[in-house]
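Asks: This is the structure, below, for whatever I ask next.
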Amino acid sequence: MSDPQQIHDGIYIIGGPGISHAQDAAVFIVQCGDELVMIDSGAGINAEMLTGNLVRLGLDPGRVTALVLTHCHVDHIGSAKYFQDTFACKVIAHELDAMAIETGDDILTAASWYNTRLPRMQVDRKLTKEHEILRFDDEEIHCLHTPGHTPGSISVYLDRTGLRVLFGQDIHGPFSPEFLSDIGQWRDSMENLLSLKADILCEGHYGIFTGREKVRTYIEGYLDQYASL
Ligand SMILES: [Zn+2]
Ligand SMILES: [Zn+2]
């Protein structure tokens with residue numbers, strides 16, 4: 001197990017394989033003044049551990065005001081209802097994945113694949129544009145629509161102390177008709193992410209990549225891998 005920790009100025013990883021539960025995709029926190037913005041929420045098996053990890057870092061879980069869901073898969077959204085109910089944070093997701101999140105559809109959310117159920121919940125704010133800017137305490141967090149893995153997948157980025165930090169959760173795929181994946185859309189989405197020239201990539205399952213070259217190489221590696229699909 002590794003510890004929850006700060007990745008960059010006010011940006012933390014509090015969950016993920018080896019940090020919280022093996023089925024949790026990575027869970028990130030961005031501190032914006034007094035507010036904490038959470039990006040994804042893990043699989044829902046051990047939500048209390050995520051709040052415990054916040055406390056370990058000296059962060060008050062009651063200050064989580066927003067939870068941005070990168071897409072509708074249960075390993076990323078399983079604890080969302082717990083956080084919404086417990087801390088009254090606003091849940092934000094792209095409208096094209098919102099129906100799956102709100103109905104807890106077993107196939108679209110991959111709940112059946114993980115042999116679990118997803119509690120029904122409301123998405124408080126549905127993103128509709130290609131690029132939307134969320135503002136928290138005078139800071140800007142960008143949400144880019146990056147469909148491919150699922151129709152409503154988004155990637156999140158922000159600029160802080162001279163570095164661009166990108167949260168790209170399932171940019172490696174996988175792709176499946178059950179997820180309504182679209183490999184053509186995914187390629188365009190990856191080109192979009194490359195154009196951001198991010199300095200740090202916070203990935204959902206494979207860790208954190210620091211340095212522009214490493215980020216570029218990681219994304220291009222998947223474009224090469226799936227070039228024949
Ligand atoms: Zn996924
Ligand atoms: Zn995932």
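Asks: Select from Phe167, Phe28, Phe136 the residue whose mean-square fluctuation is largest in a Gaussian network model of the chain (Cα-Cα springs shorter than 10 Å).
Replies: In the Gaussian network model the winner is Phe136.
Asks: Where Lys and Arg each count +1 and Asp and Glu each count -1, what net charge lies around Met99 among other residues with Cβ under 10 Å from its Cβ?
Replies: On the way: positive: Lys126; negative: Glu95, Asp97, Glu102, Asp105.
Taking every other residue near Met99 into account, the sum is -3.
Asks: Excluding Glu35 itself, what net charge comes from residues whose Cβ is under 14 Å from its Cβ, given Lys and Arg +1 and Asp and Glu -1?
Replies: Taking every Cβ under 14 Å from that of Glu35, the sum is -3.
Asks: Hey, any idea what Rg/Rh is for the stretch 80-219, computing Rh the Kirkwood way over Cα pairs?
Replies: Rounded to two decimals, Rg over Rh is 0.97.
Asks: Roughly how many whole Å is it from the C-alpha centroid of the stretch 169-187 to that of the stretch 38-89?
Replies: Between the Cα centre of the stretch 169-187 and that of the stretch 38-89, the gap is 24 Å.
Asks: Hey, any idea what Rg/Rh is for the stretch 107-190, computing Rh the Kirkwood way over Cα pairs?
Replies: Numbers: Rg = 14.7 Å, Rh = 14.5 Å.
Ratio of gyration radius to Kirkwood radius: 1.02.
Asks: Hey, any idea what % of the stretch 1-120's accessible area is carbon plus sulfur with a 1.4 Å probe?
Replies: Working: 2190 of 4590 Å².
Roughly 48 percent of what the probe reaches on the stretch 1-120 is carbon or sulfur.
Asks: For Leu118, what accessible surface area do you get with a 1.4 Å probe? Give it in Å², rounded to 10.
Replies: 20
Asks: Also, quick follow-up: If you place +1 on the Cβ of every Lys and Arg and -1 on the Cβ of every Asp and Glu, how big does the dipole about the Cα centre of the stretch 1-124 come out, in debye to the nearest 20? Before the final figure, lay out the partial values.
Replies: Numbers: 6 positive and 16 negative charges, 42 e Å.
So the dipole magnitude of the stretch 1-124 works out to roughly 200 debye.
Asks: Looking at the stretch 148-223, send over the antiparallel percent of its DSSP beta bridges, to the nearest 5.
Replies: Numbers: 8 of 12 bridges.
Antiparallel bridges: around 65 percent, rounded to the nearest 5.
Asks: Residue by residue through the stretch 92-105, what is 3J(HN,Hα) from phi via Karplus (6.51 cos²θ - 1.76 cosθ + 1.60, θ = phi - 60°)? Round to whole Hz and write x for glycine and proline.
Replies: Couplings: 10, 7, 6, 4, 6, 10, 5, 4, 4, 5, 6, 8, x, 3 Hz.
Asks: Out of residues 5 or more away from Ser181 or on other chains, whose amide H comes under 5 Å of its own, with H placed 1.01 Å from N in the peptide plane?
Replies: Long-range HN contacts for Ser181: Ser176.
Asks: Short version: ³J(HN,Hα) in whole Hz for each residue of the stretch 54-68, in order, from phi by Karplus 6.51 cos²θ - 1.76 cosθ + 1.60 (θ = phi - 60°), x for Gly and Pro, what are they?
Replies: Once rounded to whole Hz, the list reads 4, 4, 4, 8, x, 9, 8, x, x, 8, 6, 9, 9, 10, 9.
Asks: Sticking with this structure for a sec: Tell me the Kirkwood radius of the stretch 33-75: reciprocal of the mean inverse pair distance over distinct alpha-carbon atoms, in Å. Could the numbers behind the result be given before it?
Replies: Values: mean 1/r = 0.0901 Å⁻¹.
Kirkwood radius, the stretch 33-75: 11.1 Å.
Asks: Percent relative contact order of the chain, based on C-alpha pairs within less than 8 angstrom and at least six residues apart?
Replies: Value for the chain: 14 percent.
Asks: Still on this structure, please answer the following. Over the stretch 98-205, give the accessible area per residue in Å² for a 1.4 Å probe, as an integer.
Replies: 45
Asks: Hey, another quick one. Find the accessible area per residue for the stretch 1-44; the probe is 1.4 Å, ligands and nucleic acids are left out, and the unit is Å².
Replies: In whole numbers, the stretch 1-44 has 31 Å² accessible per residue.
Asks: Hey, what does the equivalent ellipsoid look like for the stretch 163-229, semi-axes from the Cα gyration tensor as sqrt of 5 times each eigenvalue, largest first, whole Å?
Replies: Semi-axes from the Cα gyration tensor: 21, 12, 10 Å.
Asks: Which one, Leu158, Leu54, Leu134, has the greatest fluctuation when you compute a Gaussian network model over the chain with C-alpha springs under 10 angstrom?
Replies: Leu134
Asks: Here is a follow-up. Using a 1.4 Å probe and counting only protein heavy atoms, arrange Lys197, Lys126 so the residue with the most accessible area comes first.
Replies: Working: Lys197 120, Lys126 90 Å².
The ordering from most to least exposed comes out as Lys197, Lys126.
Asks: I would also like to ask the following. Taking N as the number of residues in the stretch 20-138, what value does Rg over Cα atoms divided by 2.2 N^0.38 Å take?
Replies: Here the Cα radius of gyration is 1.00 times the empirical estimate.
Asks: Antiparallel versus total DSSP beta bridges in the chain: what percent is that, nearest 5?
Replies: 70
The values are calculated or read from the model by the stated rules, or taken from the named source; none is laboratory data. Worth saying up front: this structure is predicted, and the values here are computed from it rather than measured. Note: ideal-geometry Cβ built from the backbone for every residue, glycine included; neighbour counts use all protein chains shown. Note: accessible area is taken over every heavy atom of the protein model, side chains too, but ligands, DNA and RNA are not part of it. Shrake-Rupley method; radii C 1.70, N 1.55, O 1.52, S 1.80 Å.
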